[in-house]
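The values are calculated or read from the model by the stated rules, or taken from the named source; none is laboratory data. Everything quoted here is computed from the prediction, not taken from an experiment. Counting neighbours? That spans all protein chains shown, and the Cβs are built from the backbone with ideal geometry, glycine included.
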Amino acid sequence: MYQYMRIQGRDNSYVTGYPKGIFSLCWNLIKSKTLTAEEEALFISIDEWFKAELPEPEPCKNHEPVITFFKCSSTEHMRKKLEPAVQLLDKYRVPYDVVYTNFVGTVVYEDEWQVAVSVKDGKMI
């Protein structure tokens, strides 16, 4: 059984140098005006749900070079909530990977559902 999961693209974030997460990937679809109005509203509702239900890690608020992973043991309902966003990536052929791991590097934030991990030069430290 894996401890952590992350859905990430294949393009690197300019902040971390590490592959962008699913939220960044979907926001890129909005910024590029790729999504229909209904799809945009759907993703925004997903994003708002996560903001309401999941604490934003302090390092993320401070724009520190971190990436986040879901904890597999407590986030099955969150992964289901993300499914429509994953379907948008599929529909618009945005390449992504679902990464499962037990090794995430230096955890700088942790709560019941997620961890934030330090990143330097595109690598977890």
Item checked: Test set (1) surrounded by 13 or more Cβ atoms within 10 Å (Cβ to Cβ); (2) touching a Pro at 6+ places or on another chain (Cβ under 8 Å) - Thr34 fails condition number -> (2)
Next item on the list: Filter the range 76-106 down to residues that are touching a Pro at 6+ places or on another chain (Cβ under 9 Å) and either at pLDDT below 95 or among the aliphatic types (A, V, I, L, M) (or both) and give me whichever is nearest to Ile44 (Cα to Cα).
Entry: Leu89
Next item on the list: May I ask you to say which residue of Ser73, Ser118 is among the polar types (S, T, N, Q), in a loop (DSSP other than H, G, I, E, B) and either modelled with pLDDT of 90 or more or under 16 Å from Tyr18 (Cβ atoms) (or both)?
Entry: Ser73
Note to self: Looking only at the range 98-125, filter to residues that are exposed (fewer than 11 other Cβ atoms within 10 Å of the Cβ) and of a type in the set (D, E, K, R); which one of those is farthest from Thr68 (Cα to Cα)?
What the structure shows: Asp121
Item checked: Total residues in the range 8-55, condition touching a Leu at 6+ places or on another chain (Cβ under 7 Å) and under 24 Å from Lys123 (Cα atoms) -> 4
Next item on the list: Scan the range 75-96 residue by residue and report those that are crowded, with 17+ Cβ neighbours inside 10 Å and touching a residue at least 40 places away in the same chain (Cβ under 8 Å).
Entry: Thr75, Leu82, Ala85, Val86, Leu88, Leu89, Val94, Tyr96
Check: Is there a residue being polar (S, T, N, Q) and part of a loop (DSSP other than H, G, I, E, B) anywhere in the range 101-108?
Finding: yes
Next item on the list: Taking the residues in the range 21-44 that are among the small types (Gly, Ala, Ser) and assigned to a helix (DSSP H, G or I) as candidates, determine which candidate is nearest to the chain's Cα centre (by Cα).
Entry: Ser24
Next item on the list: Could you please let me know if Met1 is modelled with pLDDT of 95 or more and either of a type in the set (A, V, I, L, M, F, W, C) or not in a loop (DSSP other than H, G, I, E, B) (or both)?
Entry: no
Item checked: Sole residue being of a type in the set (Asp, Glu) and assigned to a strand (DSSP E or B), chosen from Asp97, Asp47, Asp90 -> Asp97
